[in-house]
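The values are calculated or read from the model by the stated rules, or taken from the named source; none is laboratory data. Predicted model, so just to flag it, every value in this text is computed and none were measured. Backbone-built Cβ (ideal geometry, glycine too); neighbour counts: all protein chains shown. Heads up: the accessible areas ignore ligands, DNA and RNA and are worked out on the full protein's heavy atoms, side chains in. Shrake-Rupley method; radii C 1.70, N 1.55, O 1.52, S 1.80 Å.
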Amino acid sequence: MASKNEITSDGGAPVKLKITLRTQSPSLTQEEFIHVGDEKSSEEAALRKEIEMYKGKHSALLEDIAKLEKKKEEAETLAQRFKLRAEKEEKKLLENEIVLCDDDQRFQDKINSIQDRNQQLKTEEQNLKENILHLERETDKLEAVCSSGVERKMFFKGKLSDKIPRCGMSVKHNIRYPVKGGTALVVFEEPSVAARVIQKKHHKVAIEDCHINVRAEPVNLTVLDELSMDMNRSPRKILVSNLPTSISQEALLDKLELFFGKAKNGGGEVDDREFLADSRSAILTFVNEGVAPKLVEKRKFDVPFGEQTHQVCVSPSLDGNITNYVMKNLLCNRTVLITGIPDIKDEETLNDLLHIHFISSANDGGEVEEFLYCPERKTKVAIFEDDEDNVSRKE
């Protein structure tokens, strides 16, 4: 007779055991019986051991899973951190790339600007070289010309200057200024006095028992500020200087034309003649261009003037053309124009009373260097020159 029973193990899982019971047969001996209880115990022990083994493996797997989960979380956190860092670095690299592009463009613009400036400087250098060559040619032309253009004696008067002029030509102004009737010109020694008188404007001048009202105004002149000229040696003209002083102008010109008109004296046919009274010299113009250079090269000539012979000097004559000039308004810093003077006294009396008024410091005046009064219905001309004394005081 056989039956099936279920035995629950300590692990909780039911284990099915198959137990076979057999009745004793008269033909079987006692040794042929099977010990069922011993077989059951060994199988159960093996199962429990195997169960314990799997339980250990299961626990180990759970621990490994927990560790892996933790490592996974750490790896994800680290990956997130590296991702943020990579994004920041990428953003920074992009910004640096933009800045580098801007710097590159700026440096390229600077390079282009420097190249343009370099080209401009090369052009200016070339122009300067051409100007230097032109000036050297002009200097060579003028080397043969004496500094004054005429023969004259020079000597040192004791004047000194610390300044070197910008050019070799100096021009002194000589301006004629019309003084109308009923006005006066007052030249003070100090510019500050003139400025004070002009600033006051209206002045009351005592004339014996009464007074007159006059007006002080500044004097403005239009003067030459800059002059540009093209000067060349004339191929047909000579300048004859060191002429005798005892002979009239016409007689001098006749003698010079007669002497330099002869081929034996190195001259030729004279086309024109001109006398320069300020330097007492003469300019002769020849018909042919080859005459003047030969005479300039010889330089000294003994010319007969009546019974006596006088040595004259021949130098090149310069032809000048004004290419540009600039005029400017100049304020006379020491001269004051007084207007509105009525003709109530004679000229001498009014001159003295006005002079006395503007000398007095009580009337805001000061030391007067020059005084010119022009009565009504008359006109005078005042000549204005460069104030060299005032310039020397300033230096």
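Points to keep in mind about this one:
- Screening THR335 against (1) open to solvent by 70 Å² or more (accessible area, probe 1.4 Å); (2) closer than 30 Å to VAL205 by Cβ leaves a single unmet condition, (1).
- ASN220 being part of a strand (DSSP E or B), closer than 30 Å to LEU353 by Cα and modelled with pLDDT under 90: yes
- The listed residue being in contact with a strand residue (DSSP E or B) (Cβ under 7 Å, 6 or more places away or on another chain) and more than 30 Å from LEU284 (Cβ to Cβ), out of ILE322, ILE344: ILE344
- Test: residue in the stretch 53-61 that is in contact (Cβ under 8 Å) with a residue 12 or more places away in the chain and open to solvent by 90 Å² or more (accessible area, probe 1.4 Å): yes
- In the stretch 201-238, residue nearest to VAL179 (Cα to Cα) [restricted to those that are among the polar types (S, T, N, Q) and touching a Lys or Arg at 6+ places or on another chain (Cβ under 9 Å)]: THR222
- Subset of the stretch 309-332 that is of a type in the set (S, T, N, Q) and at pLDDT below 85 - its residue that is most open to solvent (accessible area, probe 1.4 Å): ASN329
- Strands (runs of 3 or more DSSP E) within the stretch 287-395 that include 3 or more residues in contact (Cβ under 8 Å) with a residue 60 or more places away in the chain: 308-339, 368-374, 380-385
- For the stretch 346-389, a residue qualifies if it is surrounded by fewer than 16 Cβ atoms within 10 Å (Cβ to Cβ) and hydroxyl-bearing (Ser, Thr, Tyr), and the qualifying residues are THR349, SER360, SER361, THR379.
- The set of residues from the stretch 176-217 being exposed (fewer than 15 other Cβ atoms within 10 Å of the Cβ), assigned to a strand (DSSP E or B) and of a type outside the set (D, E, K, R) comprises PRO178, HIS202, ALA206, CYS210, HIS211, ASN213.
- The residue of the stretch 230-275 that is nearest to the chain's Cα centre (by Cα), among those that are within 30 Å of ASN131 (Cα to Cα) and open to solvent by less than 70 Å² (accessible area, probe 1.4 Å), is MET231.
- When residues of the stretch 84-103 are limited to those that are open to solvent by less than 100 Å² (accessible area, probe 1.4 Å) and not hydrophobic (A, V, I, L, M, F, W, C), the one nearest to the chain's Cα centre (by Cα): ASP103
- Any pair with Cβ under 6 angstrom, 6 or more apart, that starts in the stretch 225-242 at a residue that is within 27 Å of VAL326 (Cβ to Cβ) and ends at one that is open to solvent by 60 Å² or more (accessible area, probe 1.4 Å) and not in a strand (DSSP E or B): ARG233/LYS141
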